[in-house]
Amino acid sequence: MPLLTGVFIIASAFVTAAISGVFGMAGGLMLKGALALVLPVSATFVAHGLFQLVANGSRAVIHRRHVDVRIVGLFALGSFAIAAVVGFITVEPTRATLYLFMGLVPFLVWIPDRWLRLDAQRPAQALLCGVSVTGVNLTAGVAGPFLDIFFVKTALTRHQIVATKAATQVFSHIMKIVVYGAPLLAVHGKGLPPLWVFAVAVPLSMVGTWLGGFVLDRLSDVNFKRYLRLILTVIGLAYLVQASRLYALGS
């Protein structure tokens, strides 16, 4: 891998981890798109899963006193169940289709609250959250905006939302690494970044997550949701434009 490509991946991991540290998502969506610019599609799933596992894991640790353990436990159960199914039927999307999926996912945050009655604090819906969110993560590569739908109706604070979503995503990304990583290991990790990229990017992702926490402390609950929707919309539009360009080129 060229040095410039490795530096680009490292910088992307740091910046997007900081953004996720503030909003609990959006950063992962940005990172996935960045990786898709320089890596094979299957490798983006694994690399993204590894980076986001660290980012979400460290965020969950930093805010561990705010984690809703019951929600996380039920989510994990659903996540394991759907991964066992998808592992047998996974079909790798084209680069254009990947950007299309990623471009559509952010607009889920604009679905009117009254249309959905989802609440992750309800046991059955926490389990459904694990199944559906991990399922989307295994196909589109990202599912943060979809996960957010299950938290809109909860009575959780912004700190509880960020912490609990981070903890649930740990399991979702583990499933992504397992499902897509196993075939790559069979060909000696073909397409994945070299170890030195992960060695540098992983600790920097943790630093980015820590720095993002300072910004989170200074945001109000109202501005937290307002800025998140704006950022996700811009990202979604950018990915749809990229998907259209790739389809036009036949990529």
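The values are calculated or read from the model by the stated rules, or taken from the named source; none is laboratory data. All values derive from a computational prediction rather than experimental measurement. All Cβ positions, glycine included, derive from the backbone under ideal geometry; neighbour counts span all protein chains shown.
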Failed item in (1) buried (at least 22 other Cβ atoms within 10 Å of the Cβ); (2) under 13 Å from the mean Cα position of the chain (by Cα); (3) hydrophobic (A, V, I, L, M, F, W, C), with VAL22 passing the rest: (2)
Selection from segment 154-170 of residues that are farther than 17 Å from ARG229 by Cβ and part of a helix (DSSP H, G or I): HIS159, GLN160, ALA163, THR164, ALA166, ALA167, THR168, GLN169, VAL170
If you check VAL178 against the conditions, is it part of a helix (DSSP H, G or I) and either basic (Lys, Arg) or surrounded by fewer than 20 Cβ atoms within 10 Å (Cβ to Cβ) (or both)? yes
Residue in segment 143-153 that is nearest to ILE235 (Cα to Cα), counting only those that are modelled with pLDDT of 80 or more and part of a loop (DSSP other than H, G, I, E, B): ALA143
Test result for LYS190, of a type in the set (D, E, K, R), more than 15 Å from ALA26 (Cα to Cα) and either in a helix (DSSP H, G or I) or modelled with pLDDT under 85 (or both): yes
Enumeration of residues in segment 28-44 that are in contact (Cβ under 8 Å) with a residue 40 or more places away in the chain and either among the charged types (D, E, K, R) or within 19 Å of LYS165 (Cα to Cα) (or both): GLY28, LEU29, MET30, LYS32
Scan segment 126-134 and give yes if some residue there is crowded, with 21+ Cβ neighbours inside 10 Å, among the hydroxyl-bearing types (Ser, Thr, Tyr), under 28 Å from PHE224 (Cα atoms) and in contact with a Ser or Thr (Cβ under 9 Å, 6 or more places away or on another chain), otherwise no. yes
Taking PRO93, is it outside any helix (DSSP H, G or I) and at pLDDT below 85? yes
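Every residue, every condition in (1) modelled with pLDDT under 90; (2) over 24 Å from TYR99 (Cα atoms); (3) surrounded by fewer than 16 Cβ atoms within 10 Å (Cβ to Cβ); (4) in contact with a strand residue (DSSP E or B) (Cβ under 7 Å, 6 or more places away or on another chain), yes or no:
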| site | (1), (2), (3), (4) |
| --- | --- |
| ALA186 | yes, yes, yes, no |
| ALA199 | no, yes, yes, no |
| LEU219 | yes, yes, no, no |
| LEU232 | yes, no, no, no |
| SER244 | no, no, yes, no |
| ALA248 | no, no, yes, no |
Answer with yes or no whether ILE161 is under 19 Å from GLY21 (Cα atoms) and touching a Gly at 6+ places or on another chain (Cβ under 7 Å). yes
What residue, of ALA84, ALA120, is more than 30 Å from LEU37 (Cβ to Cβ), surrounded by fewer than 14 Cβ atoms within 10 Å (Cβ to Cβ) and at pLDDT below 90? ALA84
For segment 80-129, how many residues are within 24 Å of LEU232 (Cα to Cα) and small (Gly, Ala, Ser)? 4
What is the one condition in (1) surrounded by fewer than 21 Cβ atoms within 10 Å (Cβ to Cβ); (2) in contact (Cβ under 8 Å) with a residue 60 or more places away in the chain; (3) in contact with a Ser or Thr (Cβ under 9 Å, 6 or more places away or on another chain); (4) not polar (S, T, N, Q) that ALA76 does not satisfy? (1)
